[in-house]
Amino acid sequence: MAIGGYAYDWHGGETADELSFQEAAVAARDSSARVDFDPDTNNPHFSYIENDNIRHDVWFLDAVTAYNQIHAADIFQPAGYALWRLGSEDPSVWSVLGRGYGAGAPAGLGQIPTNENVDFEGEGEVLRVEANPSPGARTFEVDAQTGDISDETYTSLPTSYVIRRVGAVPHELSLTFDDGPDPAYTPDILDILKERTSRRRSSSSAPMRRLIRGWSSASSMKARDRPITPSPTPIFPKPLPRPTGSSSTRRSACSRR
């Protein structure tokens, strides 16, 4: 029997966006939404209004819904249970799986472990860690007659790494070079950039021209004065032949063996 571990985000259209449990938790946390437990469907859900005034209604399946589904199916003793899909589930669902038929609600449902997902915010190539992962927690109530979980409350939502991206500037390009300047390659790169820049005499190229002049001044240093990072001997001193023939021939061409 298959059970689900995902979320649906309904926001005005005829279809919904599929989210993982972690993505739903991030959306609830970022919007300061309260997660409610629907008594009719036994599904958790929350709603919020985005900055563009679009309302989002998110319904998701978590470890509690998985327990209720397994508990209801245990009387039929299915051959096993499958989870759709791996990687999108509530991490505490593993406290529910792999147990005997008719087992009660495990205490492990109260703790929601973190996962390895990363929440990226902003734009740019400069990264800054703003938050470390922290586990979540929930309380739940079990119906004494049926054994089902009749209610759950998220006391804290699990969080992942939050990485802030900064430095994005429209219409500007930044070039960086690792392990340099190199006496063999850096001068050629600077010459190419200088040539390409001189072809465009527009105001937008002025910052690049200033940058090239700075690099050109730096490249005029003697090789012995340059802070060259040691590098290993090139693996392929000459261009490789174009691989042809069988796969074994192509492997030999790439490995030179």
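General observations
- Applying the condition of being acidic (D, E) and under 26 Å from H11 (Cβ atoms) to the range 41-100 and asking which residue is surrounded by the most Cβ atoms within 10 Å (Cβ to Cβ) yields D90.
- Restricting attention to the range 177-186, the residues that are under 29 Å from the mean Cα position of the chain (by Cα) and either at pLDDT 70 or above or not in a loop (DSSP other than H, G, I, E, B) (or both) add up to 1.
The values are calculated or read from the model by the stated rules, or taken from the named source; none is laboratory data. Computed from a predicted structure; not experimentally measured. Virtual Cβ from ideal backbone geometry, glycine too; neighbours counted across all protein chains shown.
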